[in-house]
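Chemist: Sharing a structure here in structure tokens format.
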Amino acid sequence: MALGLVALAVFALPLIGLLVRAPWAKLPEILARDIVVDALSLSIITSIAATVIAAVLGIPLAWLLARADFRGRGVVRAIVTLPLVLPPVVGGAALLFALGGRGLVGEPLNEATGLLLPFSTWGVVLANTFVAMPFLVITVEGALRSLDHRYESAAATLGATPWTVLRRVTLPMISSSLAAGVVLTWARALGEFGATITFAGNLQGRTQTLPLAVFIALESDREVAVALSLVMVVISFAVLVALRDRWWRAL
């Protein structure tokens, strides 16, 4: 019991310290500053874009891992989940070497289209997608694996096409897990720091998201840093409360 309370204190004390140091009286004025508005709006736009891309690409990938039987599936799953354990800065460096101006793919892409991903808003979206998509993939894969296949088989027997089975049976049955995966993906994209600053830089109004603004504010204006940190804590806490135990059940 005592050790459990100590463990709880490890998580609670930093949050209490943040609340104690928060400039509550000046909070509305701080949150209205240009650096805060720019960072917040950019974070919302890029995190939503990353979540949409993760859903479009991640759901088919989750289905492949859950339903297809092929050699090397364990290796593929390890590659997909690697960003969960990889230091974000290393992930950003890997993106830079692959998609940078002189990267493996980035150089021919730049020569062919003129598109340069590093230090751009799309670079932020790509970094967020790389780091956050595994949350969606593993959540949806877990839901698909635990799904009772008899309902899908019954629908197919009654003449439903594979697309109809997916749309009318499979996705509705895993909707709660899918929603949990989408929300977690968005929350992770919103809070991404290491890969973003390494691959996209830290340019206000262009690549400076909320976590990057906190990092800069810690060196120049602690009140702004605390205010931005409070915004991130409130969003993250709201996401976890809304999800409750849905994500863990899906796993």
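Chemist: Under 6 Å between Cβ atoms, which residue pairs at least 6 apart in sequence (or on different chains) link something in the stretch 4-23 that is under 22 Å from residue 222 (Cβ atoms) with a partner that is of a type in the set (Asp, Glu)?
Modeler: These pairs meet every condition: 23/223.
Chemist: Please verify whether the stretch 162-176 includes one or more residues that are assigned to a helix (DSSP H, G or I), touching a residue at least 40 places away in the same chain (Cβ under 8 Å), among the hydroxyl-bearing types (Ser, Thr, Tyr) and surrounded by 13 or more Cβ atoms within 10 Å (Cβ to Cβ).
Modeler: yes
Chemist: Between 131, 182, which is crowded, with 21+ Cβ neighbours inside 10 Å, among the β-branched types (Val, Ile, Thr) and either out of contact with any strand residue (DSSP E or B) (no Cβ under 8 Å at 6 or more places or on another chain) or not in a helix (DSSP H, G or I) (or both)?
Modeler: Details: 182 fails: crowded, with 21+ Cβ neighbours inside 10 Å.
After applying the criteria, what remains is 131.
Chemist: Then there's this: Scan the stretch 192-204 for residues that are over 17 Å from residue 116 (Cα atoms) and surrounded by 22 or more Cβ atoms within 10 Å (Cβ to Cβ) and jot them down. Even if it seems obvious, please write down each step before you answer.
Modeler: At the first step, the residues of the stretch 192-204 found to be over 17 Å from residue 116 (Cα atoms) are 192-194, 204.
Listed by number, the list holds a single entry, 192.
Chemist: Name the residues in the stretch 9-43 that are β-branched (Val, Ile, Thr), surrounded by 15 or more Cβ atoms within 10 Å (Cβ to Cβ) and under 30 Å from residue 136 (Cβ atoms), would you?
Modeler: 36
Chemist: Something else: Please verify whether the stretch 70-83 includes one or more residues that are outside any helix (DSSP H, G or I), at pLDDT below 90, aromatic (Phe, Trp, Tyr) and over 30 Å from residue 217 (Cα atoms).
Modeler: Within the stretch 70-83, one or more residues are outside any helix (DSSP H, G or I), at pLDDT below 90, aromatic (Phe, Trp, Tyr) and over 30 Å from residue 217 (Cα atoms).
Chemist: Condition check: out of contact with any Gly (no Cβ under 9 Å at 6 or more places or on another chain) and over 30 Å from residue 170 (Cα atoms). Does residue 63 satisfy that?
Modeler: no
Chemist: Right, something else. Kindly establish whether residue 230 is surrounded by 14 or more Cβ atoms within 10 Å (Cβ to Cβ) and of a type outside the set (S, T, N, Q).
Modeler: Yes; evaluated as a whole, the condition is true for this residue.
Chemist: What's the number of the only condition in (1) β-branched (Val, Ile, Thr); (2) surrounded by 14 or more Cβ atoms within 10 Å (Cβ to Cβ); (3) out of contact with any helix residue (DSSP H, G or I) (no Cβ under 7 Å at 6 or more places or on another chain); (4) modelled with pLDDT under 95 that residue 59 fails to meet?
Modeler: With (1) β-branched (Val, Ile, Thr); (2) surrounded by 14 or more Cβ atoms within 10 Å (Cβ to Cβ); (3) out of contact with any helix residue (DSSP H, G or I) (no Cβ under 7 Å at 6 or more places or on another chain); (4) modelled with pLDDT under 95 applied to residue 59, the lone miss is (3).
Chemist: Show the residue pairs that are 6+ apart or on different chains and have beta-carbon atoms under 6 Å apart, the first residue being within the stretch 131-152 and within 30 Å of residue 90 (Cβ to Cβ), the second being of a type in the set (Ser, Thr, Tyr) and surrounded by 22 or more Cβ atoms within 10 Å (Cβ to Cβ).
Modeler: 132/185; 135/185; 136/185; 139/177; 143/177
Chemist: If you scan the stretch 185-203, which residues turn out to be in contact with a Pro (Cβ under 9 Å, 6 or more places away or on another chain) and outside any helix (DSSP H, G or I)?
Modeler: 191, 192, 193, 200, 201
Chemist: Could you tell me whether the stretch 142-158 includes any residue that is among the β-branched types (Val, Ile, Thr), modelled with pLDDT under 85, over 30 Å from residue 215 (Cα atoms) and in a helix (DSSP H, G or I)?
Modeler: yes
Chemist: Looking at this structure, is residue 36 closer than 20 Å to residue 212 by Cα and either over 17 Å from the mean Cα position of the chain (by Cα) or without any contact (Cβ under 8 Å) to a residue 40 or more places away in the chain (or both)?
Modeler: Judged against the criteria, residue 36 is a match.
The values are calculated or read from the model by the stated rules, or taken from the named source; none is laboratory data. Everything numeric in this text was worked out from a predicted model, so none of it was measured. As a convention, Cβ positions derive from the backbone with ideal geometry for all residues, glycine included, and neighbour counts pool all protein chains shown.
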